[in-house]
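Here the structure comes first, spelled out in structure tokens, and everything after it is commentary.
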Amino acid sequence: MEAVSTLVRVSLPNYLKGLPIPNSFSGFSRLSATDWLSLVPFVGTVSLLVYVTVQAFNPNLRKQKNAINPDIQKDCPKVVHMADIEDLGDKVSYCRCWRSKKFPLCDGTHNKHNTETGDNVGPVVLKRRGK
Ligand code: FES
């Protein structure tokens, strides 16, 4: 803990005091190449911290992370397909993994998804009695 305390109370303030940060924006134009080079680690660290913070609190990223549907009709607020029960034939398989290229019908892509993720999703199969 002593090392952390020294870093925060002594080393970091001394490092920041040594940075060639000008008093005005126009002062940046008078910095030498060596001054700019000494600012690179500081600017890089601050940029990384800002990026990580923004990513952590970005509600759109959190929404996408929890989404079930990765890419089918993402421009629609809700994906709905209707089928006439008379047109279903003897047997039809509907995708429940949201990865089929023939969505809403299953094309077997769930097998690849299950292998890659350890998931266990599969289609809902509708069939006529006795078929
Ligand atoms: S492809 Fe999605 S359940 Fe088969």
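The values are calculated or read from the model by the stated rules, or taken from the named source; none is laboratory data. Here the structure is a predicted model, which is why all the values come from computation and not from measurement. Please note: Cβ atoms are built from the backbone with ideal geometry, for glycine as well, and neighbour counts cover all protein chains shown. For accessibility, only protein heavy atoms count, side chains too; no ligands or nucleic acids. Shrake-Rupley method; radii C 1.70, N 1.55, O 1.52, S 1.80 Å.
Could you check how much of the accessible area of region 69-131 is carbon and sulfur, as a whole percent, using a 1.4 Å probe? Don't skip to the end; give the middle numbers.
Values: 2470 of 5000 Å².
That share works out to 49 percent.
Between D75 and K101, what FRET efficiency follows from the Cβ-Cβ distance if R0 is 22 Å, with the result rounded to 0.05?
Numbers: r = 18 Å, r/R0 = 0.81.
That pair, D75 with K101, gives E of 0.80.
Could you do me a favour and compute the accessible area per residue for region 2-131, 1.4 Å probe, result in Å²?
About 82 Å² of surface per residue is accessible.
Tell me the net charge near T117. Cut-off is 15 Å between Cβ atoms, T117 excluded, with +1 for each Lys or Arg and -1 for each Asp or Glu.
Once positives and negatives cancel, what remains is +2.
Once neighbouring chains are kept in place and the probe is 1.4 Å, which whole percent of the accessible area of region 2-64 is contributed by carbon and sulfur?
Carbon and sulfur: 69 percent of the exposed surface of region 2-64.
Within the set of other residues whose C-beta is less than 13 Å from the C-beta of D90, count the net charge using Lys and Arg as +1 and Asp and Glu as -1. Present the calculation step by step, with values, prior to reporting the outcome.
Values: positive: K91, K127, R128, R129, K131; negative: E86, D87.
Net charge in that neighbourhood comes out at +3.
My understanding is that a pair violates if its Cα-Cα distance is over 32 Å; which of K74/K112; K17/K65; K63/K102; K78/K112 do that in this structure? All intermediate terms of the calculation are to be shown ahead of the outcome.
Values: K74/K112 22 Å; K17/K65 41 Å; K63/K102 25 Å; K78/K112 25 Å.
Listed pairs above 32 Å: K17/K65.
Relative contact order for the chain: what percent, with Cα pairs under 8 Å and sequence separation of 6 or more?
Relative contact order, the chain: 16 percent.
Under DSSP H, which helices of the chain have Cα atoms covering 30 Å or more of the helix axis and a Kyte-Doolittle average no less than 1.0? Before the final figure, lay out each step's value.
Numbers: long enough: 33-57 (36 Å, 1.39).
Both cut-offs are met by 33-57.
Calculate, for S24 and Q64, the FRET efficiency according to 1/(1 + (r/R0)^6) with r their C-beta to C-beta distance and R0 41 Å; round to the nearest 0.05. Don't skip to the end; give the middle numbers.
Details: r = 41 Å, r/R0 = 1.01.
Between S24 and Q64 the formula returns 0.50.
Cα atoms only, the chain: Rg and Dmax in Å?
28.5, 86
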